[in-house]
Amino acid sequence: MDTVSPGLIRNYLSRYGIIGERAYGGNGSAEEHILTGYFYSVLQASGKIDAEFMNDNYAVYLYDDRYYIVYFDYPDTLTNDFANDYFYGTIFPVAISGPYFYEEVLEKLGSV
């Protein structure tokens, strides 16, 4: 994952603000779900998690001097019975927003 340009996530999310599930402000498209998973894997591998902002619903990652909020939830829909049986009860990264400065994270999530 270290071959990913650090500006890729920043540039994309600067343009859209949030991607992923509609309930979180994304458009809910398959493309956004794929990007959410991909960006999450990059943040997980190369970013630093900020434990101050972490619970069962979201985690905040510092990556390339900006903060990103990854929201976790049960997916709205799974495509087939196998997926429903296999992944039942599993939470996934369903949306990512950013980039933020630390003060913006405080404002968005409040003091934790």
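Each value in this text was obtained by applying a stated rule to the coordinates, not by laboratory testing. What you see is a predicted model, and the numbers here were worked out from it, not measured in a lab. With ideal geometry, Cβ positions are generated from the backbone for all residues, glycine too; neighbour counts draw on all protein chains shown.
General observations
- Here the simple spin-label model places points 7 Å from the Cα toward Cβ, and for residue 52 and residue 108 these points are separated by 1.5 nm.
- For 31, 52, the sequence from fewest to most other C-beta atoms within 10 Å is 31, 52.
- Taking other residues whose beta carbon is less than 13 angstrom from the beta carbon of residue 7, and scoring Lys, Arg as +1 and Asp, Glu as -1, yields +1.
- Ranking of 29, 46 by neighbouring Cβ atoms within 10 Å, starting from the fewest: 29, 46.
- Which of 39, 101, 72 has the fewest Cβ neighbours within 10 Å, and the rest in rising order: 101, 72, 39
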